[in-house]
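J.: My structure is below; once you've seen it, I'll send some questions.
Derivation of every value follows stated rules applied to the coordinates shown; laboratory data play no part. Source: prediction; values computed, not measured. Cβ placement follows ideal geometry from the backbone for every residue including glycine, while neighbour counts extend to all protein chains displayed.
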Amino acid sequence: MRTTVAAFDFDGTITRKDTLGPYLEQLVGRRRFLAALVATVPWLVRAAFSRDARDVAKERLLSRCVRGVPEEEAARVAASYAPTIALRDDVVAMLRGHVDAGSVVVLVSASPSLYVREAATLLGATDVVATDLEARDGVLTGRYATPNCRAEEKGRRLQAWLSTRGDVELYAYGNSVDDEPMLALADHPVRV
């Protein structure tokens, strides 16, 4: 028997806007967040013109914000941040429809798994495939522990996750060009 899986992108699909900046600001404070943003402007400008530069720009911003933050603190802030994220009612209704129908629901996101997992729990999702942040001795380093889960990496990571699930019928929901590799895997791709 086939398992029905529903894979949802997070930022811009389930959420009304990007979630990384507000999380980082809540984690490290407005002053440190804005200083990090200003310091990474050259990389952010490159990222605006080159999709390949996005991963580097994001990691530079993360490094300036979270390097040295205890994992425990980052998790505590993630737990308090997740319920405040503005969600799209239309997409949340689709997600809940899948949950109610008994589908396996997975959130697939370039955002840090720290708070995407918290949001997944609140939404009733089964699992998360997202960007993990590196920690050493319980302290965040500011680097990725896994590749940034966007674009082609999003498709690869979802495919690896699906490979452990047997025969599946896949619904996938996304809103941007970075979601296309994930949507290409789906029996039922939905662009929102």
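J.: Would you mind checking the range 64-106 for residues with the amide N under 12 Å from a putative spin-label position 7 Å along Cα→C-beta of Thr121?
T.: Under cut-off, by backbone N: 75-83.
J.: Just to be sure I follow: if Rg is taken over the C-alpha atoms of the range 23-96 and Rh is the Kirkwood radius over the same atoms, what is Rg/Rh?
T.: Values: Rg = 15.0 Å, Rh = 14.0 Å.
Dividing the radius of gyration by the Kirkwood radius yields 1.07.
J.: May I ask for the net charge around Gly124, where only other residues with Cβ less than 10 Å from the Cβ of Gly124 are counted and Lys, Arg are +1 while Asp, Glu are -1?
T.: Working: positive: Arg96; negative: Asp100.
Spelling it out: positives minus negatives among the neighbours equals 0.
J.: Please give the helix 54-66 orientation as an angle from the longest Cα principal axis of the chain, in degrees from 0 to 90, rounded to the nearest 10.
T.: For 54-66 against the chain, the angle is about 60 degrees.
J.: Which listed residue (Val108, Gly138, Ala47) has the Cα farthest towards the positive end of the charge dipole for the chain, taking +1 on Lys and Arg C-beta and -1 on Asp and Glu C-beta about the Cα centre?
T.: Positive-most Cα among the choices belongs to Ala47.
J.: Helix 30-39 versus the longest principal axis of the chain: what is the Cα-based angle in degrees, 0 to 90, to the nearest 10?
T.: With both axes taken from Cα atoms, the answer is about 90 degrees.
J.: While we're here: Based on the Cα atoms of the range 3-191, what semi-axes does the equivalent ellipsoid have, where each is the square root of 5 times one gyration tensor eigenvalue, given in whole Å with the largest first?
T.: 28, 18, 15
J.: On a 0 to 90 degree scale, rounded to 10, what angle separates helix 89-100 from the longest Cα axis of the chain?
T.: 50
J.: Let me ask you something else. Loop-only trypsin sites (Lys or Arg not before Pro) in the range 141-192, please: DSSP not H, G, I, E or B, and at most 14 other Cβ atoms within 10 Å. Working shown, then result.
T.: Details: sites: Arg143, Arg150, Lys154, Arg156, Arg157, Arg165, Arg191; in loops: Arg150, Arg165.
Passing both the DSSP loop test and the Cβ count: Arg165.
J.: May I pose another question? About its Cα centre, how strong a charge dipole does the chain have in debye, to the nearest 20, once Lys and Arg get +1 and Asp and Glu get -1 at the Cβ?
T.: Values: 25 positive and 26 negative charges, 142 e Å.
The calculation lands at about 680 debye.
J.: When the chain is fully extended, how far beyond the present Cα-Cα distance does Val192 get from Arg67, taking 0.36 nm per residue of separation?
T.: Details: separation 125, 0.36 × 125 = 45.00 nm, distance 3.46 nm.
Length difference between fully extended and current span is 41.5 nm.
J.: Sticking with this one: How would you rank Thr40, Thr84, Thr146, going from fewest to most other Cβ atoms within 10 Å of each one's own Cβ? Could the numbers behind the result be given before it?
T.: Working: Thr40 21, Thr84 10, Thr146 14.
Taking fewest neighbouring Cβ atoms as first place, the list is Thr84, Thr146, Thr40.
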